[in-house]
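Working notes, beginning with the structure itself.
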């Protein structure tokens, strides 16, 4: 099922959700983890790109070899650049 920039995702109390992006980044959200894909850009020629996601609460895991990641929660902003 496709997921688009601006889409809000949510997991159930017993569930989790895995999302594979076009640049092979794998995002996994744990139980009760509402989150939003704010921005995603990936150039298939240069393999450069970035991801901006907001996690409202709980857990989010990102596995990537990409150059830039920005994630924000209610208490922190995480950046790998």
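Readers should treat all values here as calculations from the given coordinates under stated rules, not as data from a laboratory. Since the structure is predicted, the reported quantities are computational estimates derived from the model, not experimental observations. Reconstructed Cβ throughout: ideal geometry from the backbone, glycine too, with neighbour counts over all protein chains shown.
Net length available on complete extension from residue 41 to residue 12 is 7.7 nm, with 0.36 nm assigned per residue and the Cα-Cα distance removed. Estimated at 0.36 nm per residue, the fully extended path between residue 52 and residue 22 surpasses their Cα-Cα distance by 9.4 nm. Of the peptides 1-12, 34-45, the ranking by mean beta-carbon count within 10 Å, highest at the top, reads 34-45, 1-12.
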